[in-house]
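Let me begin by presenting the structure, written as C-alpha cells, before commenting on it.
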Amino acid sequence: MVVEWSGSGPELLLTIDRGSAAGLRSQLEAQLREAIRTGRLAGGEQVPSSRKLAHTLGLSRGLVQDCYAQLQSEGYLTSRAGSATRVAPTAVARPLERPRQNNSTNRRRHPVADFRSGVPDLGLVPREDWSWAIREVCRTIPNNAFDYGDPVGEQQLRDVLAAYLGRVRSTAAGGDQIVICTGMAQAIALVLRVLATDGIDTLAVEDPGAWRFTAEQAAANGVALTPIAVDRDGLDVTLLERTEARAVLVTPAHQWPTGVVLAGHRRQQLIAWARERDAIIIEDDYDAEFRYDRDPVGAMQGLAPDAVISLGTVSKSLAPTLRLGWLLAPDRLLDRLALAKQVADRGSPGLDQLALAKMLESGRYDRHLRRMRTEYAKRREVLVAALALHAPGVAITGLAAGFHAVVTLPADAQENRIIEKAARRGVGLYGMSSMRHSAGPHQSQLILGFGDTSQSAIQAGIAAVGDLLCGTPE
C-alpha cells in the first residue's frame with residue numbers, strides 16, 4: 001500500500017557530508033537512488049518538494065531541482081505540471097509480501113449473514129459521544145494530566161467506576177481496589193501471573209466456555225486448565241470440589257456460551273468452596289449490561305469481596321478497539337496486581353480513561369446502553385420469528401441476556417457439516433463444539449450471534465439455512 005502523505009511530502013532521512021570528495025549533488029542523487037531501490041521510498045510515493053528538501057539539507061533549491069531532473073531522466077522519478085514529484089511506479093522492485101493471518105479482524109465476511117458472536121454492532125458505536133468526551137477531557141484537564149499516570153489507572157476513572165459498578169452491579173469496592181487494564185485478555189493475564197506466585201497452578205474453567213481464550217495466558221504462567229461441566233444452574237460446584245484447583249473462572253451473570261445464570265445456591269456453594277480452600281473466584285461479568293426479560297443479577301463480588309476478583313470491559317458496551325477494562329480485587333492481592341500492571345505496560349492510555357469517566361458521569365454511557373438494549377431486543381425478536389418460520393421446532397435457548405442465542409440441532413445432525421453447507425450459501429454459522437474442552441459425544445448446537453448482524457441480515461440468513469437447521473435434506 002502506498003501512503004498518501006499530506007502537505008509538501010514526507011520527511012526523508014538523507015545526510016550530506018560536506019567534507020567528502022563526492023559533490024553535493026552526487027551525494028544527494030546516490031542516496032535518493034538507494035532509497036528507491038531498497039523500497040524506503042515506494043513506487044508512486046511523493047518525495048519532498050525541492051524547496052523543503054533544500055531547506056532541510058542546507059542546499060540551494062536549484063541543486064535539488066537539478067538532482068530531481070537527473071533522476072527523472074533515469075526513470076526513478078516522475079512529475080507533471082501541478083502535481084508533486086513522485087517515485088516512478090516501475091522504479092522499485094516490490095518485496096514479497098507475507099500472507100496476512102486469517103484472524104478475527106481480517107475474517108472474510110459471509111455475504112448473506114454472519115452470525116459470529118461476541119462482537120457488538122460496530123456501526124452503532126457512539127462516535128459523537130466519545131468525540132465529545134475526548135474534547136471535554138482535552139479542554140479541561142490540567143497540564144500534568146498529560147504526564148505518565150498511575151500504572152493502575154487514573155484515579156478519576158477508578159472512583160467513578162467504583163460508584164457506577166456499585167450502583168448497577170452491586171459490587172463492594174472503592175476506587176483504590178480497582179486496576180484499569182487493557183481489555184479482558186490483560187486482566188486475566190495479570191490475575192494468573194499473581195496467583196501463580198501464590199503457588200496456584202490449576203485454574204478451573206467452565207465447559208463449555210471460553211477456555212481457549214484463557215489457555216495461552218494460563219500456559220504462559222505455568223497454570224493448567226481443568227474443565228468443569230456447566231448445567232442449567234451454571235458451573236457444577238460439586239465437580240469443582242473434587243479437583244485440586246484453587247482458582248476458578250466463571251461467567252455467572254450470563255454463562256458463555258450457554259446463556260444460563262449461575263443459580264443462587266451455586267453461588268453460595270462456590271463462595272463456601274473458595275473460603276474453605278483459600279481459593280479465588282475470577283468473575284468475568286460477561287453480558288451483564290444486556291438483559292431483556294429477566295430480573296437483574298448482581299455481581300458475585302458484592303457477595304464475597306474477599307474471595308472474588310471481578311473483571312469487566314467496555315468491549316461489548318462500546319467497542320473492542322478501545323481496549324479498556326478493569327478488575328476489582330481483594331486487598332491482599334492489590335499490591336502485586338499493581339506491580340504486574342506496571343511491569344506489563346506502565347499503564348493504560350490516560351486520555352481514554354478520562355474520556356470513559358466523562359461518559360459515565362455525564363449519563364451518555366447509560367443512554368447508549370439503553371439504545372443498544374432496545375436494538376438488540378428487536379434483533380432477538382427477529383431471530384426468534386425467523387427461526388419459527390424457517391426452522392420450526394428447533395430449540396433456541398440463552399436469550400435472556402447478551403446478544404447471542406444457542407440453537408440445538410436434531411439428534412442426528414452433524415454440526416460441522418451444517419456449518420460447511422451454510423458457508424456455501426453465504427451464511428456464517430459457528431458450532432458449540434469449539435467451546436467444549438472435553439471430548440466425547442455431545443448434542444450438536446450452534447451459537448448464533450446477532451450483535452453485529454442487522455435485522456435484515458438475520459432474516460435473510462435464517463431463510464437461507466432454515467432447512468439445514470431443522471434437518472431437512474437438501
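Here are the numbers for the structure shown:
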read-out: Estimated dipole of the chain in Debye, rounded to 20 [Cβ of Lys and Arg +1, of Asp and Glu -1, Cα centre]; value: 1520
read-out: Stretch in the chain that is longest and holds no chymotrypsin sites (Phe, Trp or Tyr not before Pro) that DSSP places in a loop and that have at most 15 other beta carbons within 10 Å; value: 293-474
read-out: Rounded to whole Hz, the Karplus (6.51, -1.76, 1.60) HN-Hα couplings of segment 382-394, x for glycine and proline; value: 4, 4, 4, 5, 5, 5, 4, 7, 9, 9, x, x, 6
read-out: Nearest 10 degrees, 0 to 90: helix 415-424 Cα axis against the chain principal axis; value: 40
read-out: Table column - 3J(HN,Hα) (Hz), segment 249-262, Karplus curve with 6.51, -1.76, 1.60, x for Gly and Pro; value: 10, 10, 10, x, 6, 6, 4, 9, x, 5, x, 7, 9, 5
read-out: Length gained when the stretch Lys378-Arg61 is fully extended (0.36 nm per residue, less Cα-Cα span); value: 107.6 nm
read-out: ³J(HN,Hα), Karplus 6.51/-1.76/1.60, whole Hz, each residue of segment 180-196, x for Gly, Pro; value: 7, 10, 8, x, 5, 4, 5, 4, 5, 4, 5, 5, 5, 4, 6, 5, 4
read-out: C-alpha center-to-center spacing [segment 298-336, segment 172-242] in angstrom; value: 12
read-out: Asp17 paired with Ala344, simple spin-label distance in nm, labels 7 Å along Cα-to-beta-carbon; value: 4.8
read-out: Long-range HN-HN contacts of Leu77 with modeled amide H, under 5 Å; value: Gln72, Ala88
read-out: 16 Å Cα-Cα reach of Lys358 towards aspartates and glutamates, excluding residues that sit fewer than 8 places from it in its own chain; value: Glu128, Asp129, Glu136, Glu154, Asp159, Asp366
read-out: Placed amide H near Gln445: partners under 5 Å, 5+ positions off or other chain; value: Leu409, Met432, Ser433
read-out: Loop-located trypsin sites (Lys or Arg not before Pro) in segment 308-365, at most 16 other Cβ atoms within 10 Å (DSSP); value: Arg346
read-out: Rounded FRET efficiency, nearest 0.05, which uses the C-beta distance separating Ser131 from Ala220 and R0 of 45 Å; value: 0.75
read-out: Hull-based mean projected area of the chain, where the convex hull spans the alpha carbons, in square nanometres; value: 29.7
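Taken together, the values in this text are just the output of simple stated rules run on the coordinates, not laboratory data. Treat the numbers as computed from the prediction; the structure is a model and nothing was measured. For neighbour counting, all protein chains shown are included, and Cβ atoms are generated from backbone atoms with ideal geometry for every residue, glycine included.
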